[in-house]
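What follows is calculated from the coordinates using simple rules that are stated; it is not laboratory data. Everything numeric here is computed off the predicted structure, so don't read it as measured data. For neighbour counting, all protein chains shown are included, and Cβ atoms are generated from backbone atoms with ideal geometry for every residue, glycine included.
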Amino acid sequence: MEERRKERLDRGIKIRTDKIYALMSWRELSYLTLPRLVLIVGMLILPFVIPSAYWQRVISIVCVYALLGLSFDFLAQFVGLVSLGGAFFIGIGGYLAAILNTSLGLPPLITIPAATVIGAAISTLLLLPCLPLRGVYFSIVTLMYPLVAARIIEALDILGGTDGIMGVESFSSNWTEQYFIIFMTLIFLFGLRRLVNTDLGLVFRAVKDNDQAVKASGINITTYKAIAVFIASGVGCLAGACLVHIYMWSGISLFALDFSILPIAATVIGGAGTLVGPVLGCFILVPISELLRAFGTLRIVFYSLILVAFIVFRSEGIMVYGQRKYHQFERWVKI
Amino acid sequence: MSDEPILQVKDVTKIFGGITAVNHISFDIKEGEILGIIGPNGSGKTTLINCITGFIKIASGKVMYHGKNIAGKPAHKIADMGIARTFQIMRPYYSLPCYKNLVIPLFSPRAKRTGGWRGGGKLGDRDTVGIDILEEIGFERDSFVPYKIASTLPTGYLKRLELARCLALKPELIICDEVFSGLSMSEIASMVPLIERLQMGGITLIMIEHRLRELFQVANRVMVMNFGEKVIEGTSEQVMSDEKVREVYFGSEASEEVMKYA
């Protein structure tokens, strides 16, 4: 039996040469823009094509998770900080939005940006002590914070205690709710993609690649880790603030482990390091989890099976696989 | 060469557990000078420069840079003051193209202050400056070497990339940790003029080396270390003819034997 090996060749298209886009034809133009257009247009028409109010709500929740997934993927793959605390960002952002709305009477249009910025500042401040450390400390601390926060609220009976804060104003209509959060997802998806290729983004990636060399270049790595955590936790807090206005309620279930784990699972399925991957992963995982609701607790089993199957058979994730297929020819050659 | 010492190391000591890795080392280096540091493996050379550049904290002693004690300052502050270093085990950003590797030092506060590389004026587009530095240091632009991903490059280029990363900071002092090791003879032959050019550009260098022939060719003075202690310091001729140095390298009994063939 003759041996063969798979050869991969990049598609012969000069996409760009040193910052000048050299697009020669409509074909090349569509080659570049089509995948992006499919995503953007697809997300924008989703509220139209989905008939029931129930599933429209699911789309909003998908986007909340997608924002969390983006925040996780950005921190883990481009800064090297593996955050297991998506729930913490959701909780901080959610409670802030709820407090600003119920006690100060601010409308969602103000509470959401305010909760994003203030929440990011609080999260960054609380995570600052473990930023100079290398290793798993950041992950452990981020995993602990949501648990601690939930227990504090429960034990001290502050912020509504176990009942939570009720009577949070909802978005003015179903449409504004969905389009607001869909736009936010798209903005942060493309914004972060752009950010990681700027000079600032290169410094983030360098911190992940090799923090000693960054230090030797006269750059304070803790500062840049803090900036990255501010950005990522801001995205998480935004998701939390949106979630509270969708549910019209904020409670300790915002600190639930789901918000930490599901975005990570979505990143594994969608493809880590692509930023689109987590969004795609959420569009697969969250609806599946809704569909499996009929099975009761058994859905966790199905859910886990899907995850395990992905990790075993396609550990690179859908997007990495897809991008490779899209950008490269493959053929078998004899050795 | 001015007479003012740019860096004075005074009684620096570093202890790891029960091992004294660097034991009361003192030396001076004048502006524009090249100081070589040699010694067998494990003699504390790399630890010494880690102490100077703030990558590890020293137990006692002083490191005076331009007359100010910099011991105990964090590594990025020391780099910011103009002491750049290379790593013995190369530390490029493997996932980035070479010229993007230089964007990181060019992003530093020091590069913004000094204008980076040639200095003066405003720092332009970092990509362009990065490619200029790489071309200066021997990356052939015509064959697109600066655009290659760092992980695909051979050792010779990576060693140069380490130097380029230092140059991007527009440093006053570069500490090179074995830039010649792992290179072929021809690669070393092309590195030597580069080092000499840096010296002519007014940069002070400390070079840790195992390649004695090339080191003696460029170094003004050489310091020999063994078991964390300074054995001798002097010109290449003084060091080469010293009895103790031969003992360090060849053992006390063998030294006479070796001298027959020397």
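The relative contact order of chain B, computed from alpha carbon pairs under 8 Å that lie at least 6 residues apart in sequence, is 25 percent. Over the residues of the protein assembly as shown, the helix contribution to mean residue ellipticity at 222 nm works out to -17000 deg cm²/dmol, using -39500 (n - 2.57) for each DSSP H run of at least 4.
Taking a ≥ b ≥ c as the square roots of the Cα gyration tensor eigenvalues, the stretch A:153-260 comes out oblate, since a/c reaches at least 1.5 and a/b does not exceed b/c. Put in line by how crowded their Cβ is, counting other Cβ atoms within 10 Å and starting with the fewest, A:SER253, A:SER172 read A:SER172, A:SER253.
Per residue, the convex hull spanned by the Cα atoms of the stretch B:143-254 amounts to 140 cubic angstrom. Sorted largest first, the principal axis extents computed over the alpha-carbon atoms of the stretch A:62-153 equal 43, 28, 21 Å. Mean sequence separation of contacting Cα pairs (under 8 Å, at least six apart), scaled by the length of the stretch A:52-257, corresponds to a relative contact order of 45 percent. Computed from Cα atoms, the angle from the helix B:155-167 axis to the main principal axis of chain B rounds to 80 degrees.
A convex hull fitted to the Cα coordinates of chain B yields 133 cubic angstrom per residue. Mean silhouette area of the stretch A:52-257, derived from the convex hull of its C-alpha atoms and averaged over all directions, reads 11.3 nm².
How large is the Kirkwood hydrodynamic radius of the protein assembly as shown, counting all unique pairs of alpha carbons, in Å? Computed over Cα pairs of the protein assembly as shown, the Kirkwood hydrodynamic radius comes out at 27.5 Å. Counting only other chain Cβ atoms within 10 Å of each residue's Cβ, the peptide B:80-89 averages 2.
Does anyone have the angle between helix A:26-49 and the longest principal axis of chain A? Alpha-carbon axes, 0 to 90°, nearest 10? In chain A, helix A:26-49 runs at an angle near 30 degrees to the longest axis. Per residue of B:163-172, other chain Cβ atoms within 10 Å of the residue Cβ number 1 on average. Across peptide B:98-107, the mean count of Cβ atoms from other chains lying within 10 Å of each residue's own Cβ comes to 6. Highest-first packing order for the peptide set A:64-70, B:198-204, B:142-148, A:181-187 is A:64-70, A:181-187, B:198-204, B:142-148, based on the mean count of other beta carbon atoms within 10 Å.
Gain on full extension, evaluated as 0.36 nm per residue between B:GLU4 and B:ASP242 minus their Cα-Cα distance, stands at 82.9 nm. Exposure proxy shown here: for A:SER60, B:SER95, the number of other Cβ atoms within 10 Å sets the order, fewest to most, as B:SER95, A:SER60.
Counting only DSSP beta bridges with both residues in the protein assembly as shown, the antiparallel share comes to about 65 percent. Within the stretch A:113-159, the percentage of alpha carbon pairs spaced more than 11 angstrom apart rounds to 72%. Ordered by the number of other Cβ atoms lying within 10 Å of each residue's own Cβ, fewest first, B:THR235, A:THR111 fall into the sequence B:THR235, A:THR111.
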